[in-house]
Amino acid sequence: MAREFKRTDRIADQMQRDLAELVRSEIKDPRVGMVTINQVSVAKDLGYADVYVTLLTMEDLDEHAEQVKTTIKVLNGAAGFLRSELGKRIKLRTIPQLRFHFDASVREGRRLDSLIKQARQKDADQGISDNDD
């Protein structure tokens, strides 16, 4: 019987929890605002981990905004420190290299939600019911 979760998935979940705590409590750089770790994707050989983050300080940020670029740069600069701290918390032979990326999925989700609401409102204005086939 196959395992329900792969080892890399379990490691990624643990890294996500620990990184969220480390970024919140250990990163003292004022350029890093309120950061949420959305996802961690670990390579099969545990050589690297892609960490996807979202900034909660502003609503309509995209990956080209100056605040996003600065935050990602600071986090990538602190990757060595964060990796060493992860090594103290997670008992692995090797801790993956950390690469931080901006995750625009939250912004995209809000945009899609807005489009759906507009379409439903337009249908309601025209007298079309949600239950019509």
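Listed values, structure above:
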{"item": "Residue in the range 21-32 that is within 12 Å of the chain's Cα centre (by Cα) and either assigned by TED's automatic domain parsing to the domain that holds residue 91 or touching a residue at least 40 places away in the same chain (Cβ under 8 Å) (or both) present", "result": "no"}
{"item": "Odd one out for residue 85, checked against (1) within 15 Å of the chain's Cα centre (by Cα); (2) crowded, with 16+ Cβ neighbours inside 10 Å; (3) not hydrophobic (A, V, I, L, M, F, W, C)", "result": "(1)"}
{"item": "Residue check for residue 39: among the polar types (S, T, N, Q) and touching a helix residue (DSSP H, G or I) at 6+ places or on another chain (Cβ under 8 Å)", "result": "yes"}
{"item": "Qualifying positions in the range 92-121 - among the hydrophobic types (A, V, I, L, M, F, W, C) and under 16 Å from residue 42 (Cβ atoms)", "result": "92, 95, 98, 100"}
{"item": "Considering residues of the range 88-128 that are within 21 Å of residue 12 (Cα to Cα) and free of Cβ contacts under 8 Å to residues at least 12 places away in the same chain only, the residue surrounded by the most Cβ atoms within 10 Å (Cβ to Cβ)", "result": "88"}
{"item": "Residue in the range 36-46 that is farther than 20 Å from residue 6 by Cα and at pLDDT 90 or above present", "result": "yes"}
{"item": "Those residues of the range 118-133 which are modelled with pLDDT of 85 or more and of a type in the set (S, T, N, Q), in sequence order", "result": "118, 121"}
{"item": "Index of the failed condition, residue 104 passing every other in (1) modelled with pLDDT of 85 or more; (2) closer than 30 Å to residue 76 by Cβ", "result": "(1)"}
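The values are calculated or read from the model by the stated rules, or taken from the named source; none is laboratory data. Predicted, not measured: the structure shown is a model, and the values here were computed from it. Counting neighbours? That spans all protein chains shown, and the Cβs are built from the backbone with ideal geometry, glycine included.
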